[in-house]
Every structure is written in C-alpha cells, then in structure tokens.
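*Asks:* This structure is in structure tokens; I'll ask about it shortly.
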Amino acid sequence: MTAIIDYDAGNIRSVEKALLALGEETTVTGKASEILEADRVILPGVGAFGDAMKKLWEYELVDVIRETVRKKTPFLGICLGLQLLFERSDESPGAEGLGILEGEILRIPDNAGVKVPHIGWNSITYPNRGRLFEGIPENSYVYFVHSYYLKAADKEIVTAQTQYGALIHASVEKDNVFACQFHPEKSSEIGLAILRNFISINREE
C-alpha cells in the first residue's frame, strides 16, 4: 500500500488517480500511523516552499517524514515535494527545508531567454540512471510546472536532468529516497512507467 501525504498542498488527487490506474492500493492521509505503516510514501505538492514547510510543521508531519525515511521506506517527492527534501529555497529566504538531502532550490533565471514559470514538456537525460527510469529511454519527455529548480550538492544522486535556462536536476535518488521535479502523474505513459517502477521498490532491510 502506498500512502500519499495530505498536508493541503494540492496535487494529490492526480497522483492518487495515477496510482489507482496502475492497480496500486492507495490511501491519502495526514495520519502518522498510516504513513509509518505504509509500504511506500509519496510527498506531492504545489505552491510556495515556506508555506508548505509551515503546514508540515502544523500538521506534525516533519518528524513523521524523517522517521519514514529512517525506516528505509521507499519515499518519493514530487515537484514541491522534491524541493522540500532539501535544505533551503530562494523562494522563501530563512525557511528551512526538511534537510534530508543536501542542496538548494534556486529560481530559474529571468534573463535566460525562457518563460518563467516553466510549464511544459522537456526531455530528460540520465547522468546516473536510477531505478525510477529502468526501461525508460533517455531523452523521454516529461511534464514540468515550476519556477524554481534543484541544484543538488552531490551530483552522484542526480538521476535525471534537463536544460531550461539552467541545468536543472530533474530527479534524484539516494538509498530509499527518490524525487522528481517534474510531474510523473501528468507525464502520460512515461510518467506511469516511472510510478510503476517506484511502486515495485520494496523497503530496504
């Protein structure tokens, strides 16, 4: 069973619908017990970095997320959910992220000759092919909606990247923690294949 964390940050029902289409038993929940007992956990999200962290604290989910990761439960952050896993964001100066992974979230440069926010399909390449992309050809297209992007401190955890005004670290993997800046639930068959790969991953012992 996969738990999708509900903390009033949007982007939940489309993720749930995609998982159900794959035949995955799914629950949308903000309850600590259900999250900690799940076989896999997804942290979705759209909106502002600082507001989302405030909600995670208000709903007493910060320690739950950290414990889920500590237990080696497969964990997937999507869009804002990826950004929250890191330390800080240009979007919300002074707000601390979960700090589970090292890196920072930067704004896509306005002077890069591209429209911000970045909305649309971009192809991804694999600097370090991860488990989410098994069986998925390099240069496949996925769907992005964002104004801020990840610059990971450790390039070895970057499993997919794209170019949009800057080199964007589009997906990461470290141990049981996975994350995508793009929306797999909105990325057609490629996105469903990515989610299928995620739900096939078991807890590391």
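The values are calculated or read from the model by the stated rules, or taken from the named source; none is laboratory data. For clarity, every value in this text was computed on a predicted model and none was experimentally measured. Reconstructed Cβ throughout: ideal geometry from the backbone, glycine too, with neighbour counts over all protein chains shown. Please note that ligands, DNA and RNA were not included when accessible areas were found on the heavy atoms of the full protein model with its side chains. Shrake-Rupley method; radii C 1.70, N 1.55, O 1.52, S 1.80 Å.
*Asks:* Identify the residue in region 3-37 that is charged (D, E, K, R) and over 16 Å from His183 (Cα atoms) and, among all such residues, is least open to solvent (accessible area, probe 1.4 Å).
*Replies:* Step one: of region 3-37, the residues charged (D, E, K, R) are 6, 8, 13, 16-17, 24-25, 31, 34, 37.
The next check asks that each one be over 16 Å from His183 (Cα atoms); those that pass are 6, 8, 24-25, 31, 34, 37.
Values: Asp6: 52, Asp8: 93, Glu24: 24, Glu25: 128, Lys31: 124, Glu34: 62, Glu37: 139 Å².
Going through the qualifying residues, I end up with Glu24.
*Asks:* Can you name every one of the helices (runs of 4 or more DSSP H) wholly within region 1-78 that holds 1 or more residues which are modelled with pLDDT of 95 or more and within 15 Å of the chain's Cα centre (by Cα)?
*Replies:* 13-21, 49-58, 62-70
*Asks:* Which is in contact with a Phe, Trp or Tyr (Cβ under 6 Å, 6 or more places away or on another chain), of a type in the set (A, V, I, L, M, F, W, C) and within 26 Å of Ala193 (Cα to Cα), of Leu20, Leu80, Leu56, Leu101?
*Replies:* Leu101 is the lone residue from the list that is in contact with a Phe, Trp or Tyr (Cβ under 6 Å, 6 or more places away or on another chain), of a type in the set (A, V, I, L, M, F, W, C) and within 26 Å of Ala193 (Cα to Cα).
*Asks:* Separate question: Only one of (1) of a type outside the set (Asp, Glu); (2) within 24 Å of Glu87 (Cα to Cα); (3) open to solvent by less than 10 Å² (accessible area, probe 1.4 Å) is not met by Arg40, so which one is it?
*Replies:* Looking at each condition in turn, Arg40 falls short on (3).
*Asks:* Sticking with this one: On the basis of being touching a strand residue (DSSP E or B) at 6+ places or on another chain (Cβ under 8 Å) and either farther than 15 Å from Ala179 by Cα or not β-branched (Val, Ile, Thr) (or both), does Glu58 make the cut?
*Replies:* In short, no.
*Asks:* Of the residues that make up region 110-130, is at least one of a type in the set (D, E, K, R), farther than 22 Å from Ser187 by Cα and exposed (fewer than 15 other Cβ atoms within 10 Å of the Cβ)?
*Replies:* Scanning region 110-130 turns up at least one residue that is of a type in the set (D, E, K, R), farther than 22 Å from Ser187 by Cα and exposed (fewer than 15 other Cβ atoms within 10 Å of the Cβ).
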